[in-house]
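*Asks:* Okay, handing you the structure first.
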Ligand SMILES: [Zn+2]
């Protein structure tokens, strides 16, 4: 099931008001083009019918992948750690087996989609990224701003991340051995077994990972 809402938006260039239909909820089974539109960033593109001005029209989007049993709720610049959606909880009476995440930006949404499609634990990935970002900061002597999962290669026993470092946010690729990720999976299983059973949509990001590592260190020393 997909949900559309109609909205009137003024063009930032010519101020002409026009009505747009915004897809605010998509199901990958019905909307088979949506995934590629999100990944090539055409999904949020908007063009003024009067003057032709093009921009991005960012709006909340619930991405529901039934087959892979996850939902990613993109809410631009959301700061809350957890979002409850009563309507959704009622609609799907037992959502506890579905992974539900809320993300503040499009890169994070893409990252979650790739991770869950490949059955990779995003909590373990965040813990790994957080630990590896310290190594990147040391080896580059620069501030690490953000990092994203790129690839997992079981044959090469490798997981690759892309970080953005320094004032110019330069991309920096770091590959690690899978043991590092597997160790994080162990930490999640042992210390945060109930995290995925929480109601609502969780924001599992670098902030969450820092908190999780702090709790883990307190528990182990
Ligand atoms: Zn215009």
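The values are calculated or read from the model by the stated rules, or taken from the named source; none is laboratory data. From a predicted model like this one, the values you see are computed outputs, not experimental measurements. Neighbour counts are summed over all protein chains in view; Cβ atoms, including those assigned to glycine, are modelled from backbone coordinates with ideal geometry.
*Asks:* Can you spot a residue in the range 175-196 that is closer than 27 Å to residue 62 by Cβ, loosely packed, with under 15 Cβ neighbours inside 10 Å, in contact with a strand residue (DSSP E or B) (Cβ under 9 Å, 6 or more places away or on another chain) and not assigned by TED's automatic domain parsing to the domain that holds residue 106?
*Replies:* yes
*Asks:* Which strands (runs of 3 or more DSSP E) does the range 1-101 wholly contain that include 1 or more residues that are within 16 Å of the ligand (Cβ to nearest atom) and outside the structural domain of residue 198 (by TED's automatic domain parsing)? Show your work before the answer.
*Replies:* Working: elements: 3-10, 17-27, 45-47, 54-56, 61-65, 70-74.
Result: 3-10, 17-27, 45-47, 54-56.
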